[in-house]
1. How would you rank 18-25, 105-112, highest first, on the average number of other Cβ atoms within 10 Å across their residues?
2. Let's test the formula: R0 of 30 Å, r as the Cβ-Cβ distance of residue 239 and residue 89. What FRET efficiency results, to the nearest 0.05?
3. What is the mean projected area of the alpha carbon convex hull for the range 88-131, to one decimal in square nanometres?
4. By average Cβ neighbour count within 10 Å, what is the ranking of 123-135, 168-180 from highest down?
5. How large is log10 of I(q)/I(0) for the range 163-301 at q = 0.14 Å⁻¹ when the intensity is taken from the Debye formula with one equal scatterer per alpha-carbon?
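Since every read-out is calculated from the coordinates, none of them should be taken as a lab result. Predicted model, so just to flag it, every value in this text is computed and none were measured. Glycine gets a Cβ as well: all are built from the backbone with ideal geometry, and neighbour counts include every protein chain shown.
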Ligand SMILES: [Fe+2]
Ligand SMILES: [Fe+2]
């Protein structure tokens, strides 16, 4: 690992870098000994101050960057003449598209906060990829995902509420229905918002509502599960805890996103997050409560709901 020309004298710990690479979406499929042998020796380190440009649209591209600490904001002109905004977070890579297409940056990229990037010189990376198919496979998987993300039209899915999604008690079902309402309300706002300011208001309102929702809903649902003696309560509580932390983290990111034009991107991210919450948690995890014998018996007996 070496420090490049734009870097400060701050040294990174070798073990920390290896641990970071092992957890990054780009390289986690590769084993630590492999990363140690092939990637770590060719890494550079670059430091950027808040607001500092990392690349400008049209600049010649020499390196692939991996965000080690901090956050990067990107913007580029769309074919329709508008501007597209996005963020690159810790653990994510950029610049790798140059391995298969043109060698100039298509976006302006700036550090949102003090940022450290690990860098890989393109030509050196190409040689490393040619020497090992596992590295080539890992890098091209990243490129494929990035291309799919870029080319896919933005699609706002609808999440209709149906009685088949009722778990057990009217209170829990009403809370779940409210989550469906929130995501559809956000979807409508994303389709109709006439200005970034309108969207900003909707995103903030939905996040506040969502935090209230998780506070009361998770508590009520856990109490119901405890009453029913559901054996996987601890596991379910841990998922709730993680989801709550993700929502708080999301709110922090929205608050840090000071530029009005970023609100659409944040709105789309929130819509995706809520969609995952519905599909993965409510529709899969919460529905398991329904199948627990004590729950089925209570449901059939017409007993009053516990929560
Ligand atoms: Fe739930
Ligand atoms: Fe739940």
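1. Final packing ranking: 105-112, 18-25.
2. 0.85
3. Value for the range 88-131: 3.8 nm².
4. 168-180, 123-135
5. Summing over Cα pairs of the range 163-301 leads to -0.67.
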